[in-house]
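This report concerns only the one structure given below.
The values are calculated or read from the model by the stated rules, or taken from the named source; none is laboratory data. Being a predicted model, the structure only gives us computed values, none of them experimental. Note: ideal-geometry Cβ built from the backbone for every residue, glycine included; neighbour counts use all protein chains shown.
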Amino acid sequence: MLQHNVYFYLKEDLSEEEIKKFETGLKSLMEIKNMVSGFVGKPAETADRPVVDKKYSFALSTTFHNVQQHDAYQDHPTHHKFINTCKEFWKEVKVFDVEY
């Protein structure tokens, strides 16, 4: 199994409309059929601690049976459309892939 976790740090000067466009684009990735599961979220309202990063704007977490499914997801037209449509909205992206 492979878990693909992506953290998006959006630009500070985005309008509500731009943020909504980004969120809609991000959620469109859930339509890609080859993932086992996935969700989109925002930073949790947990207690502040030095090891917790709450500076990201949105998180995407997806699970795949194997690297081949992950690679097919990366090359899916919906994934490419999201990147091309929404890349102007983020200032930074961090990816953490975990195999288990």
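Of everything in the stretch 77-93 that's in contact (Cβ under 8 Å) with a residue 60 or more places away in the chain and touching a Gly at 6+ places or on another chain (Cβ under 6 Å), which residue is nearest to I19 (Cα to Cα)? Reasoning before the result, please.
In the first step, residues of the stretch 77-93 are kept if they are in contact (Cβ under 8 Å) with a residue 60 or more places away in the chain; the result is 85-86, 89-93.
Those left that are additionally touching a Gly at 6+ places or on another chain (Cβ under 6 Å): 85-86.
Values: T85: 12, C86: 10 Å.
Checking each candidate, the answer is C86.
Taking the stretch 26-53 on its own, how many of its residues are under 12 Å from the mean Cα position of the chain (by Cα) and farther than 26 Å from N66 by Cβ?
To start, the set of residues in the stretch 26-53 that are under 12 Å from the mean Cα position of the chain (by Cα) comprises 26-30, 38-42.
Within this subset, residues satisfying the condition of being farther than 26 Å from N66 by Cβ are 42.
The total comes to 1.
Does K27 count as under 25 Å from M1 (Cα atoms) and charged (D, E, K, R)?
yes
Under 7 Å between Cβ atoms, at least 6 apart or on separate chains: pull out the pairs that start in the stretch 34-58 with a residue that is under 19 Å from L10 (Cα atoms) and end on any residue that is exposed (fewer than 10 other Cβ atoms within 10 Å of the Cβ) and modelled with pLDDT of 95 or more.
V52/T46
Take the stretch 1-50 and flag every residue that is under 23 Å from K87 (Cβ atoms), out of contact with any Phe, Trp or Tyr (no Cβ under 7 Å at 6 or more places or on another chain) and among the hydrophobic types (A, V, I, L, M, F, W, C).
Correct list: V6, I19, M30, F39.
On the basis of being within 19 Å of K91 (Cβ to Cβ), in contact with a strand residue (DSSP E or B) (Cβ under 6 Å, 6 or more places away or on another chain) and surrounded by 18 or more Cβ atoms within 10 Å (Cβ to Cβ), does V6 make the cut?
Working: within 19 Å of K91 (Cβ to Cβ): yes; in contact with a strand residue (DSSP E or B) (Cβ under 6 Å, 6 or more places away or on another chain): yes; surrounded by 18 or more Cβ atoms within 10 Å (Cβ to Cβ): yes.
For V6, the condition - within 19 Å of K91 (Cβ to Cβ), in contact with a strand residue (DSSP E or B) (Cβ under 6 Å, 6 or more places away or on another chain) and surrounded by 18 or more Cβ atoms within 10 Å (Cβ to Cβ) - is met.
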